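Here the structure comes first, spelled out in structure tokens, and everything after it is commentary.
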Amino acid sequence: MKTKLVLKLVLLGDPGVGKTSLISQFVHARFKHSYQLTVGLDISSKQVKLNDGRTVTLSINDIGGQARFAAIRHMFFKGAHLAMFVYDVTRADTLKNITDPWYKELMEFCSQPNSTKSTIKIALVGNKADLEDYRMIEEEEGEELARQIGANGHISASAKENVKVDDAFKVLAQSFFDEVES
Ligand code: GTP
């Protein structure tokens, strides 16, 4: 019997940084210019091919970044294997907020069997890299923060132009197996 491997992934970051857009580009190869805030939670899934040819299904949890959803979003951190933190390279505060509240919230609430502080794999994504003229956060700052929060990768991406979007999801999925199987 073939088993289907499913990893739970949560995306976290300030409102409007592009979490939904990254997912939409990755899952449906679509980009919307208009901003529609995520109310609560939206779940989608997509298969990813690992380096050794195996496939894994990502169950992708898009959690609304607005403060008013704080009370419910904690429920969805539980059992997560992977976390993608997203900031907007044109808004300095969105990087600062990765440490507090986002990283802090995740660490407080994800500690469950199968998802402990030591096993959850993290990637940090700087989105909207196409807006180079408006960039407020340099690559090095993102890389430094990625080190501080123990991320397995820092990726500069553009959901709009589909730059490094697949890579961001694949690097994260792969990092789970690199650790487990090493
Ligand atoms: P919440 O649902 O409030 O948490 O927001 P979100 O993080 O899901 O942001 P969303 O994906 O809805 O994107 C917000 C706005 O940024 C939209 O108007 C998008 O079109 C725009 N946007 C997203 N990604 C990019 C990008 O890579 N480049 C540019 N230029 N705009 C982007």
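Remarks
- Matching residues in segment 71-97 - criterion: being in contact with a helix residue (DSSP H, G or I) (Cβ under 6 Å, 6 or more places away or on another chain) and either among the β-branched types (Val, Ile, Thr) or farther than 20 Å from Phe169 by Cα (or both): His74, Val86, Thr90
- Look at segment 80-92: where a residue is under 12 Å from Asp14 (Cβ atoms) and in contact (Cβ under 8 Å) with a residue 12 or more places away in the chain and a partner is in a strand (DSSP E or B) and polar (S, T, N, Q), sitting 6+ places away or on another chain with Cβ atoms under 9 Å, you get Val86/Asn127; Tyr87/Asn127; Asp88/Asn127.
- Residue within segment 98-114 that is more than 16 Å from the chain's Cα centre (by Cα), more than 18 Å from Gln174 (Cβ to Cβ) and within 9 Å of the ligand (Cβ to nearest atom) present: no
- If only residues of segment 31-49 that are within 12 Å of the ligand (Cβ to nearest atom) and surrounded by 11 or more Cβ atoms within 10 Å (Cβ to Cβ) are counted, the one that is nearest to Ile60 (Cα to Cα) is Asp42.
- Filter result (in a loop (DSSP other than H, G, I, E, B), touching a strand residue (DSSP E or B) at 6+ places or on another chain (Cβ under 9 Å) and within 17 Å of Asn97 (Cα to Cα)) within segment 137-155: Ile137, Ile149, Gly150, Ala151
- Residue count, segment 55-70 (criterion: more than 16 Å from Val171 (Cβ to Cβ) and either within 15 Å of the ligand (Cβ to nearest atom) or part of a loop (DSSP other than H, G, I, E, B) (or both)): 10
- If the condition is being outside any loop (DSSP other than H, G, I, E, B) and either hydrophobic (A, V, I, L, M, F, W, C) or closer than 23 Å to Cys110 by Cα (or both), then segment 28-54 contributes Leu41, Asp42, Ile43, Ser44, Ser45, Lys46, Val48.
- Applying a threshold of 7 Å to beta carbon distances and a minimum spacing of six or more residues, or different chains, the list of pairs starting in segment 31-46 at a residue that is of a type in the set (Asp, Glu) and ending at one that is part of a strand (DSSP E or B) reads Asp42/Asp62.
Where a number appears in this text, it was derived from the coordinates with a stated rule and is not lab data. Computed from a predicted model, the values in this text were never measured in an experiment. Using ideal geometry, Cβ is built from the backbone for each residue, glycine included, and neighbour counts are taken over all protein chains shown.
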